Amino acid sequence: MTTASLIALDWGTSSLRAYRLGPGGRVLDRLHLPWGIMHLPPAPDGTADAAPDRGFERAFDAACGAWLRDEPELPVIACGMVGSAQGWREAAYLDLPTRLDGLARRLVRVDRGDRAPVHIVPGLIERDGLPNVMRGEETQVAGVLAALPADLVADGDVLVCLPGTHCKWVSVQAAEVGHFDTFMTGEVYAALRGHTILGRTMRDAGAPDEAAFARGLAVAGSEAGRMGPLSTIFSSRTLGLTGTLAGTAQADYLSGLLIGHEVAAVAAALAREDRRPRIVLCGDAGLCGRYAQALRRHGLGEPTLTEQATERGLWQIAVDAGLVRD
């Protein structure tokens, strides 16, 4: 077995991803377990734990106990909801504006007796105006920046988009995170499809309907789209009722509407600020492809795509903290 340098954990609400990283942050092994912070493995006898830490210990051992038995001196770093108030230990948010190399100076250490401690990465908070928070995405952004040319990060204007349930748009100028926006696009899509009348006429399709998605983008960017998503989303039903949109196309059309409205709002904000940042997409390849299509439609150019941002970010933060050598 190749000698490792670091164990890195992406520990969220519903799942735990563990990585065994070698020199330079190369991924040697990975595991994906269902032990998120709200669903930890039970005690062997099924009884409730008197000490909440025990559930975290069992999940931790399931993820990387074997790795540490072979290499007990490996440092361990973790990001995500494991650092929330409901997590293993709370890691206080860093206030914006901030440079992401500051994450390494605010790691929270979970001491585990004579066993390897766990170092938890804090999240970010923006308090001005409507408060906004992130946990886990800050590590992805650190990984994105580590993959970009150093001069672009140091002197340039970068907008990192992390599509998903709660899509984040993170503004990094001259290596400093100054602002980010959260769009609940993915969660709203799931709720509309699963829990409203819009979903009643939707039918599963064998493959994505890209024409329907493009139609949704077009409507979101049209004159009708200026009324906003609360006006246009009903058309995913009415187009079906009038026979112009098949039931198998309605979900992709709704996806196009919601993503189109989101990207239109971002494009309008950039125009008001007279900004032309380098836009980087990071996430599921199919979803990033849809966001890239929306960005092109709104004249925002071809985005840069990046992968393995969480692993790279955890490695970079560990390097900054002196846990490993680059």
Counting only protein chains, not ligands or nucleic acids, how are Tyr253, Tyr93 ordered by accessible area (probe 1.4 Å), most first?
Tyr93, Tyr253
Express in nm, to one decimal, how much length is gained between Asn132 and Thr196 on full extension, taking 0.36 nm for each residue of separation and deducting their alpha carbon distance.
20.3 nm
How would region 230-326 be classified by its alpha-carbon gyration tensor: rounded, prolate or oblate, with rounded meaning a/c under 1.5 and the a/b versus b/c comparison settling the rest?
prolate
Under the rule a/c < 1.5 gives rounded, and otherwise a/b versus b/c splits prolate from oblate, where does region 1-151 land using the Cα gyration tensor?
oblate
Keeping all protein chains in place and using 1.4 angstrom, which order do Glu307, Glu187, Glu262 fall into by accessible surface area, from largest down?
Glu307, Glu187, Glu262
Hits for the chain under the membrane-span-like helix rule (DSSP H, Cα axial span at least 24 Å, Kyte-Doolittle mean at least 0.5) are 250-273
With every protein chain in place, what's the accessible area of Ser15 (1.4 Å probe, Å², nearest 10)?
20
Among beta bridges assigned by DSSP with both residues in the chain, the antiparallel ones amount in percent, to the nearest 5, to 70
Prolate/oblate/rounded label for region 95-157 (Cα gyration tensor, a/c 1.5)
oblate
FRET efficiency for Ala224 and Asp284 from the Cβ-Cβ distance with R0 = 25 Å, rounded to 0.05, comes out at 0.30
At 1.4 Å probe radius, can you tell me the per residue accessible area of the chain in Å²?
48
Taking region 241-303 and dividing mean pair separation by its residue count, relative contact order in percent (alpha carbons under 8 Å, at least six apart):
33
Over the heavy atoms of Phe183, what accessible area does a 1.4 Å probe trace out, to the nearest 10 Å²?
50
Residue-wise HN-Hα coupling along region 126-132, computed from phi with Karplus coefficients 6.51, -1.76, 1.60 (Hz; x: Gly, Pro):
10, 9, 5, x, 7, x, 9
Taking all protein chains in place and a 1.4 Å probe, what share, in percent, of the accessible surface of the chain do carbon and sulfur account for?
51
Between Leu305 and residues 5 or more places away or on another chain, which pairs have amide H atoms under 5 Å apart, with H built 1.01 Å from N, and which residues are they?
Leu281
For Cα Rg over 2.2 N^0.38 Å, the listed values are (i) 0.98; (ii) 1.05; (iii) 1.09; which was obtained by calculation from the structure presented?
(iii)
Within the chain, helix-based [θ] at 222 nm, where runs of 4 or more DSSP H residues each add -39,500 (n - 2.57), nearest 500:
-11000 deg cm²/dmol
Antiparallel DSSP bridges in region 56-137: what percent, to the nearest 5?
60
Region 132-230, relative contact order in percent, only Cα pairs under 8 angstrom and at least six apart counted
15
Taking amide H atoms as placed 1.01 Å from N in the peptide plane, list the residues 5 or more away in sequence, or in a different chain, whose amide H sits under 5 Å from that of Ile120.
Ala78, Val108, Arg109, Val110
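The values are calculated or read from the model by the stated rules, or taken from the named source; none is laboratory data. No experiment lies behind these values; they were computed from the predicted model shown. Neighbour counts are summed over all protein chains in view; Cβ atoms, including those assigned to glycine, are modelled from backbone coordinates with ideal geometry. In case anyone asks, the SASA skips ligands and DNA or RNA and just uses the protein heavy atoms, side chains included. Shrake-Rupley method; radii C 1.70, N 1.55, O 1.52, S 1.80 Å.
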